[in-house]
Each structure stands twice: as structure tokens, then as C-alpha cells.
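Okay, structure first, notes after.
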Amino acid sequence: MQNNLNEILQRATKEGWAVGHFNISNLEQLRAIMEAAKELKAPIMIGLSERERKAVGLKEAVALVKAFREEYGLPVFLNPDHSHSAESAKEAFDAGFDSVHVDLSALPYEENLRGTKEVVDYVNRRLASVSIEGELGYLRGESKIQKEKIEIKQEDLTKPEEAADFARKTGITRFAGAYGNSHGISIDEPALDIERIKAVRKALLENVAMVLHGGSGIPDEQIKEAIKAGIANIHVNTEIRVAFTEALRKSLAENPDETVPYKITPQAIEAVKQKVEEKLKLFGSINKI
Ligand code: G3H
Ligand code: ZN
């Protein structure tokens, strides 16, 4: 079993499949994702954004994933998704997260570069084998069902030469860019710029894996094309949240007198498990352990 995320992502890039990254904010979602990964023998990433980290707790997330890893015998990597400062990325790494995502993409280029490199140097001094993600380009939206149209502008999109310069100067091994993707389920069908993904893949060094954020609501055909073009890691949050919440609402409505939490949650766990299985099959990451 491969236990190094950098190696798994390089293999995925070469073989044309993608590692699924799924966000959680409770134990039920984590259990559902782990069940799906175990059943389909898929390496997996579990992500918590800064707010999700607040909800679960840093040490608590580390302990939970460690327990599942030991019990299920799976390559599972815990990622501090979209750390919006060097400090918050370092804090998660210090708490025992297996991977790092520092997202300073809202800052001017030079500041993004400096802050990302600061995190890479900090982490590498302590543990050289950690996979570290940096981000460049502007990703709109947030992980919910969007009520308003998201206008993606040409200037939001990642430029291949800048991506290569950024990755080389910072030393990251995962690169997240903007290719027409956005966070959340958008009103309009997204249109990924596949040629741009190919161009970024060509410009990056081989040891840098490409990440696609905002995986919810992107049609399957486009996901397949994106993987073919070089994407090796896909983030999904909103579809997980929606599956969980809708099933939970249904369960509460069907059992209005039930007050035992573990009797209300199984439907929600099953809904998340099915959604994750669907994505793992789509990403081609099954039977890769
Ligand atoms: O980092 C998290 C993902 O990019 C989630 O995006 O909510 O559109 O699935 P999503
Ligand atoms: Zn994201």
C-alpha cells in the first residue's frame, strides 16, 4: 500500500485517474466516506476548510482520521483545505494534518508566492515528504447551492506560465488553479477550459500534481475530460453536504417521534456513501490500493 500522497498523485497523473478529496464537518460524513473508500479500495483525501476545522476541532479531526486509518487499513490523508493564511496552514500541520493546502490566491501574485513559500519551507524543514498545495487564479462561489449566477471572468483564470513560475519558486507539489470551475452547485452548467488545463499540465514540472476545486455540479463528461487533460485530484464538498442534509431532513420527517440520534442518521450516512462511491468510480480511483 502506498502511503505517500505525492507518490500516489504522481501515479494518478501518469495513469489518468484522480484522487477524490471530500470535505467533512462531522463524524457521520467521515464514516460514510471511509466506508465508500474501503468498499471500492480507493486512496482518499479528507478535507476540512477553516470553518469546518472550527466545527470539528483540529486535534479531533486528526484523531478521528488516525482511528479510521488504523481500523480500515486505507491510505487516507487529512488536508487543511483552503488555509487562507500561512499561520492557519502551519497550525494544521503542527496539529498532525497529513497534507497542507495554503490558499493565498486572493493576494497579489508576489504576496501569494512569498506566503506559500514560507509554508513550504516551514513544512519541509520538519517533514520533507508532505504534499503541499498552493493556489493561483480566482475561484468564485462557496460550497452551497448557488442562488445567483456566477460570472467567471477571463482574468480569473490561471495562466500556464504563471502557474509554472509559481510552482517552481514556491516548491509546492500540488497546484490548484482556476479553469472555469467555481465552488458550489451553480445555476448554469459550468464549462471547464480543458485546453487551459492541458497547457498548465504541460508547463508544470512532472512532480507537481494538478488539483481541481469546485467539483460539485460539473457534468461527468467534463470531469473525465479534465482528468484526461492532467487533473489528478478533485475536491467535492457541496454534493456531500446536500446528500447528507436532504437525507437527514427526510429521515426526521419520516420519524417525527424519534429522539435517538443514531437512529436518525443512518439514511444520511448511506446517502453520502452512495455519492462518494459514484464520484470514486467517475474519478477512476477504485482498486488502486
Ligand atoms: O475545496 C473544496 C472544494 O473545492 C469543494 O467545491 O463545494 O463545489 O464541491 P464544491
Ligand atoms: Zn476548494
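Return the total of residues in the range 29-78 being farther than 25 Å from Ser88 by Cβ and either assigned to a strand (DSSP E or B) or in contact with a Ser or Thr (Cβ under 6 Å, 6 or more places away or on another chain) (or both). Adding up the residues that qualify gives 1. Selection of the range 87-107 for residues being among the small types (Gly, Ala, Ser) and touching a Ser or Thr at 6+ places or on another chain (Cβ under 8 Å) yields Ala89, Ala92, Ser99.
Residues in the range 123-136 that are open to solvent by 20 Å² or more (accessible area, probe 1.4 Å) and among the small types (Gly, Ala, Ser) were compared, and the one that is nearest to Ala209 (Cα to Cα) is Ser129. Every condition in (1) open to solvent by less than 50 Å² (accessible area, probe 1.4 Å); (2) within 16 Å of ligand 2 (Cβ to nearest atom); (3) more than 30 Å from Ile286 (Cβ to Cβ) holds for Gly57 except the one numbered (2). For the criterion of being more than 16 Å from ligand 1 (Cβ to nearest atom) and surrounded by fewer than 22 Cβ atoms within 10 Å (Cβ to Cβ), Lys147 fails. Right, Arg11: within 16 Å of ligand 1 (Cβ to nearest atom) and part of a helix (DSSP H, G or I) or not? The answer is no for Arg11. Among the residues making up the range 213-243, those that are touching a residue at least 60 places away in the same chain (Cβ under 8 Å) and more than 16 Å from Arg201 (Cα to Cα) are Gly214, Gly215, Ser216, Asp220, His235, Val236, Asn237, Thr238, Ile240, Arg241, Val242.
Filtered by the rule that a residue be within 13 Å of ligand 1 (Cβ to nearest atom) and without any contact (Cβ under 8 Å) to a residue 40 or more places away in the chain, the range 177-201 gives Gly180, Pro190, Leu192. Across the range 146-172, the number of residues qualifying as within 16 Å of ligand 2 (Cβ to nearest atom), β-branched (Val, Ile, Thr) and in contact with a strand residue (DSSP E or B) (Cβ under 6 Å, 6 or more places away or on another chain) comes to 3.
The values are calculated or read from the model by the stated rules, or taken from the named source; none is laboratory data. Fair warning: this is a prediction, and the values are worked out from it, not measured in the lab. In this analysis, Cβ positions are derived from the backbone assuming ideal geometry, glycine residues included, and neighbour counts consider all displayed protein chains. These accessible areas exclude ligands, DNA and RNA; they are computed on the full protein's heavy atoms, side chains included. Shrake-Rupley method; radii C 1.70, N 1.55, O 1.52, S 1.80 Å.
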